[in-house]
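Heads up, the thing below is written out as structure tokens.
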Amino acid sequence: MARSPGTGAMCPDCLERRIRSDLAGSGLSFVHGVSDSPLPFASSAVVQMASDGSDQCIGR
């Protein structure tokens, strides 16, 4: 899970834009925001590591 440094809760679209900007060129990609509040704000996000395909062949 990633947390954008120096930010509080943001609207989901704002958080996504901020995380995508922070992760640019890192090999990580934004998946979705996470919130423990019933309000439409989030301060954390699930990110995914980019795969080059070499580890896709598990079991061969």
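The values are calculated or read from the model by the stated rules, or taken from the named source; none is laboratory data. As the structure is a computational prediction, the values presented were derived from the model and not from experiment. Note: ideal-geometry Cβ built from the backbone for every residue, glycine included; neighbour counts use all protein chains shown.
Below, the figures for the structure above:
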{"item": "Members of region 25-34 that are over 10 Å from residue 50 (Cα atoms) and surrounded by fewer than 16 Cβ atoms within 10 Å (Cβ to Cβ)", "result": "25, 31, 32, 34"}
{"item": "Qualifying positions in region 1-24 - within 22 Å of residue 51 (Cβ to Cβ), in a loop (DSSP other than H, G, I, E, B) and at pLDDT 85 or above", "result": "24"}
